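The values are calculated or read from the model by the stated rules, or taken from the named source; none is laboratory data. In this text, all values refer to a predicted model and were calculated from it rather than measured experimentally. Glycine gets a Cβ as well: all are built from the backbone with ideal geometry, and neighbour counts include every protein chain shown. For the accessible areas, the whole protein counts, side chains as well, though only heavy atoms, and no ligand, DNA or RNA atoms are used. Shrake-Rupley method; radii C 1.70, N 1.55, O 1.52, S 1.80 Å.
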Amino acid sequence: MRRYLTPFLFLSPATLLILLFFFTPVVATILLSFTDLSTTTFQNPSWVGLKNYQDLLADPFLKKIFLNTAKYVALTLAFNVGMGLLLALLTSLVPERYGDPFRALWLLPRILPPVVYVFIWQGLLAEAPMGLVSDLLGVSKNWLVAAPWTAVILANGFVGASFGMLIFTSAIRAIPRELFYAAAVDGATTWQTVRKVVLPLLAWPILFVTAYQTLSLLTSFEYILLLTDGGPGFYTTEVWSLRAYHLALSNYFGNVEFGLGAAMAAVLVVIGVVVSLFYLKIFNFKALVSEPKIEVY
Amino acid sequence: MKRGIPVRLEGLSKRFGRVEAVKRLDLEIGAGELVAFLGPSGCGKTTTLLMIAGIYRPTTGAVYFGDRRVDPLHPRDRDVGMVFQSYALYPHLTLFENIAFPLRLKKVPDAEVRARVQKTADLLGIGHILERKPAQVSGGQQQRAALARALVKEPQVLLLDEPLSNLDAQIRLSARAEIRRLQQELGVTAILVTHDQAEALAMADRVAVFSMGELQQYDTPEVLYHRPKNTFVAGFVGSPPMNLIEGTFTGDGFRSGELRIPIPGAPTGKGWLGVRPEHLALGEGGHPARVLVVEPLGREVLVVAEVAGVRLQVLLPEDRRPEPGGQVGVVFPERATLHFFDETGRRIGPE
């Protein structure tokens, strides 16, 4: 028993936090999803079993919202990872005195409050005398209405790419300088060095950023909420997590349905777990982490 | 395989900010010769090698391979092979793909790649572990793989940057002999950077001794040992290092404090007297000395003795072991095995 006491003590703070901030909300959400708790039944909610889930499946817009979510996650993820990688490579190839300030600049949106950041985007995308995009394209439109998906993906992506940029930059810097020398002597061009030496060595950081961002994009909705609130029109950019929020906490006429929203959130947790398992499988996670990250000679 | 070509450095220098790492270096290396760049860390030897490889651009000067000026060229256009101290094998590739890497980049047909990789690997005794990754083989095998990768494209110039310093002492000795044998067999021009003077003396046809970015002496190991040009080379080449005594030459001898050594035909003026530990002896009629330290080195014994306030290292056969604290006589050798340096450290005799 004593043998396990010390490791257990070391693990206890993290365990406590996970129990408190992950397991408890998940269990509470699942319990909530089996009730009909809403504004009208607030005083005496009753157990309804799987009714909320049946209602969800019967919802004619569920398919559209599911496809919206897939589109949003896939396109934003591609932009985040691709752009992050591109920025990391470009800023690592130029001298540090140019690369470092450029990266610092690209980090600015991340330290802006989302509301302020979205205001800037709304200004950029507005009609002619105000909107920079309208000015530059010579077509005066409210681009937020004309191309809502592009706006949502780019607004998210410009913030999101900086995460990958930082992770990939530090991973590139961790590659020993002599490996680049060896590649040059072996006859590789810069592009060949990137493709045959750098990218394979970035496999693990790429997995990490992709997996992490998939999960965070599945559940994040604040930029869409602030930019389009799921519009324009009827559910054009409404994603799963935003729909759960709308149902449970921000419905029109004050008729909020906690139970139904909780059911949507619970489904999202399941999707998240399935996606995680999928990533661990295709990237052969075990083999990747068991390989030494630092070569000690 | 094709023969190596001569390498010529003309007025080569390299500046990093305000630091001049290499100062106006002129050097010629013959075709098929193995030359060692020897010196302490920070002396400019690796910087020079990287300029020859094309990793660094010289601040001034030129690099010639044969008649071809190569210093404006990218490394891939220079036809060099290089082995790094850390080996710099690609960790994600098998040894086979590591060695094949330069050939794949040249778009050599697959069948030829297989044949050449296998041949080079067999030559180095690693033909049976080619499907392994670098992390799965020993340091010695990694070093051979790195050497195979450098040799597989049959370069005209082979650059070796401290290739042996990460190896165990025992493997290092055999690797030394093996690299030398391969280099002579292939006839490739080779440059070996090392801080280990024994390695330089054992492997090289000629040794270039560097200090503070400047070439001190460029000669055969024998000349370096017997006729060092200055006190730096005298102290750096040879182990244990040469005794250097500061004092005054008097025409018929040398004086340092109470110590007086008669030397017929000695120069005059202030300077340094150099004498190698293996050329000193203990015996009757020598200068009276006190033994401070006795250090057995196996076959030999290193004795530190104090003669009239001057500390000298004396290398003796193993059976002649004095007691620490005892009194002995130190016998200086004939004039021919002594070294005379002037006040600035420059060699002034004997010829």
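Below are the figures for this structure:
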quantity: Charge dipole of the protein assembly as shown about the Cα centre (unit charges at C-beta), most positive-ward option of B:141, A:136, B:74; calculated: A:136
quantity: Cα centroid of segment A:109-144 to Cα centroid of segment A:207-231, whole Å; calculated: 20
quantity: With DNA, RNA and ligands ignored, accessible area of residue A:181 (1.4 Å probe; Å², nearest 10); calculated: 40
quantity: Phi to ³J(HN,Hα) by Karplus 6.51 cos²θ - 1.76 cosθ + 1.60 over segment B:18-33, Hz, x for Gly, Pro; calculated: 9, 8, 9, 6, 9, 10, 5, 9, 10, 7, 10, 10, x, 4, x, 8
quantity: Hydrodynamic radius of segment A:103-218 per Kirkwood, over alpha carbon pairs, in Å; calculated: 17.0
quantity: Largest to smallest accessible area among A:117, A:212 [probe 1.4 Å]; calculated: A:212, A:117
quantity: Solvent-accessible ranking of B:128, B:74, largest area first, probe 1.4 Å; calculated: B:128, B:74
quantity: Exercise: per-residue mean of other protein chain Cβ atoms within 10 Å, A:197-203; calculated: 2
quantity: Rg and Dmax of chain B, Cα atoms only, in Å; calculated: 24.0, 76
quantity: Coordinate range along principal axes, alpha carbons of the protein assembly as shown, Å, largest first; calculated: 119, 68, 53
quantity: For residue A:238, solvent-accessible area (1.4 Å; no DNA, RNA or ligand), Å²; calculated: 10
quantity: Chain B - mean residue ellipticity at 222 nm from DSSP helices (-39,500 (n - 2.57) per run, n ≥ 4, rounded to 500); calculated: -7000 deg cm²/dmol
quantity: Solvent-accessible area buried by pairing B with A, both sides, nearest 100 square angstrom, 1.4 angstrom probe; calculated: 2100
quantity: Accessible area in square angstrom per residue, the protein assembly as shown, 1.4 angstrom probe; calculated: 50
quantity: Within 10 Å of each Cβ in B:72-81, the average number of Cβ atoms from other chains; calculated: 3
quantity: Largest-first ordering by accessible area, 1.4 Å probe, given options B:18, A:3, B:335, B:116; calculated: B:18, A:3, B:335, B:116
quantity: For residue B:83, distant residues with modelled amide H under 5 Å away; calculated: B:159, B:160, B:161
quantity: Among B:46, B:4, B:93 the positive-end extreme of the charge dipole of segment B:1-112 (Cβ point charges); calculated: B:46
quantity: Cβ-defined net charge surrounding residue B:270, 11 Å radius [Lys, Arg +1; Asp, Glu -1]; calculated: -2
quantity: Rg/Rg_ref, segment A:1-119, where Rg_ref = 2.2 N^0.38 Å and atoms are Cα; calculated: 1.75
quantity: 25 Å Cα cut-off, lysine pairs counted over chain A (separation 8 or more, or different chains); calculated: 9
quantity: Accessible surface of residue B:278 - all protein chains present, 1.4 Å probe, nearest 10 Å²; calculated: 70
quantity: Lys, Arg +1 and Asp, Glu -1 on Cβ, resulting dipole of segment A:24-290 about Cα centre, debye, nearest 20; calculated: 680
quantity: Shape of chain A, Cα gyration tensor, a/c cut at 1.5; calculated: oblate
quantity: Counting DSSP beta bridges with both ends in chain B, the antiparallel % (nearest 5); calculated: 75
quantity: Percent of Cα-Cα distances greater than 18 Å, calculated over segment B:243-349; calculated: 46
quantity: Cα gyration tensor category, rounded, prolate or oblate, for segment B:63-211 with a/c compared to 1.5; calculated: oblate
quantity: Whole-percent carbon and sulfur share, accessible surface of chain B, 1.4 Å; calculated: 49
quantity: Test item: B:86-96 mean partner chain Cβ contacts at 10 Å; calculated: 5
quantity: Charge sum, other residues only, whose C-beta stays under 14 Å from residue B:239's C-beta, Lys/Arg counted +1 and Asp/Glu -1; calculated: -3
quantity: Over chain A: helical MRE at 222 nm, DSSP H runs n ≥ 4 each giving -39500 (n - 2.57), nearest 500; calculated: -22000 deg cm²/dmol
quantity: Top positive-direction residue, dipole computed over the protein assembly as shown with Cβ charges, set B:171, B:313, A:123; calculated: A:123
quantity: On Cα atoms only, tilt of A:96-111 relative to the major axis of chain A in degrees; calculated: 0
quantity: For residue A:257, net neighbour charge (Lys/Arg +1, Asp/Glu -1) across residues whose Cβ lies under 11 Å away; calculated: -2
